[in-house]
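Q: First, the structure itself, so that you have it in front of you.
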Amino acid sequence: MAKHPHLDPDCIFCRIVRGEIPCFKLHEDSDTLAFMDINPVQPGHALVVPKFHSKDLIATPAEWVGKSFTAARRIAEAVEKTLKPVGINILQANGPGAAQSVFHLHVHVIPRAMDDGLTMNWQLKPGDMDAIGKLAERIRANVK
Ligand code: AMP
Ligand code: ZN
């Protein structure tokens, strides 16, 4: 914990940051980690988290919000280059009413397809880990 004084031992995303739970990593720097969502609403769905545990946007110091969204921009650029989707949604949920399920700030980077039927507050459906891993490799190659 000394290396990451801002992390919570019981939080799933803090545990991913500490390497205790595996992820399909896309990029890491001293302040943020980007990895694939394992219940993707669309292929290429990625998440960016700060290495700072706080439950949502309002609870997070502006400095860490800035770092998280700056990192999300980097991942969106790599997703754009890799998949050339018709669009990309950046999404961040606050509270159960907004369908937030993990209470550590995270930014969704979601590539869109025409008529993909995606609506807000989707149900979690486990993805194909092989396909997620392969896509992670392709996007990772485009992270600058
Ligand atoms: P939210 O509903 O906005 O709180 O989003 C939480 C997201 O975290 C969901 O899209 C989940 O699929 C994703 N998620 C939960 N656990 C993991 C995990 N171990 N690895 C990758 N993504 C995860
Ligand atoms: Zn956390």
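The values are calculated or read from the model by the stated rules, or taken from the named source; none is laboratory data. In this text the structure is predicted, and so the values were computed from the model without any measurement. For neighbour counting, all protein chains shown are included, and Cβ atoms are generated from backbone atoms with ideal geometry for every residue, glycine included. Remember, those area values only see protein heavy atoms, side chains included, never the ligands or the DNA or RNA. Shrake-Rupley method; radii C 1.70, N 1.55, O 1.52, S 1.80 Å.
Q: Farthest toward the dipole's positive end in the chain, which of Ile75, Val49, Met36, given Cβ charges of +1 (Lys, Arg) and -1 (Asp, Glu) about the Cα centre?
A: With unit charges placed on the Cβ atoms, the residue in question is Ile75.
Q: Let me ask you something else. Under 5 Å between amide H atoms, partner at least 5 residues away or on a different chain: which partners does His27 have, H built in plane at 1.01 Å?
A: Correct list: Ala34.
Q: Another question, if that's okay. Give me the angle, in degrees from 0 to 90, between the Cα long axis of helix 129-140 and the longest principal axis of the Cα atoms of the chain, rounded to the nearest 10.
A: Between helix and principal axis, roughly 80 degrees.
Q: What Kirkwood radius, in Å to one decimal, follows from the Cα pairs of the range 93-143?
A: 13.5 Å
Q: What ranking, highest mean first, results for peptides 58-64, 20-26 when packing means the other Cβ atoms within 10 Å averaged over each residue?
A: The packing order, highest mean first, is 20-26, 58-64.
Q: Mean separation of Cα pairs under 8 Å and 6+ residues apart, divided by the residue count of the range 35-140: what relative contact order is that in percent?
A: It rounds to 41 percent for the range 35-140.
Q: Here's something else I'd like to know. Asn142 to Asn94: extension gain in nm, 0.36 nm per residue of separation minus the Cα-Cα distance?
A: 14.3 nm
Q: Related question: If packing is taken as the mean number of other Cβ atoms within 10 Å per residue, what is the order of 78-85, 128-135, highest first?
A: Peptide ranking by packing, descending: 78-85, 128-135.
Q: Past the 19 angstrom mark, what percentage of all C-alpha to C-alpha distances in the chain do you count?
A: 49 percent
Q: Which residues does the label zone of Lys81 cover in the range 18-43, counting backbone N under 15 Å from a point 7 Å along Cα→Cβ?
A: Zone members listed by number: 26-28.
Q: To continue, here is another question. Which value, in Å², gives the accessible area per residue of the range 52-144 when a 1.4 Å probe is used on the protein heavy atoms?
A: 58 Å²
Q: How much mean residue ellipticity at 222 nm does the chain get from its helices, if each DSSP H run of length 4 or more adds -39500 (n - 2.57) and you divide by all residues, to the nearest 500 deg cm²/dmol?
A: Helix contribution divided over all residues of the chain: -9000 deg cm²/dmol.
Q: Additional query: Helix 62-83 versus the longest principal axis of the chain: what is the Cα-based angle in degrees, 0 to 90, to the nearest 10?
A: 20 degrees
Q: Describe numerically, in nm with one decimal, the distance between label points set 7 Å from Cα along Cα→Cβ at Met129 and at Glu28.
A: Rounded to a tenth, the inter-label distance reads 1.9 nm.
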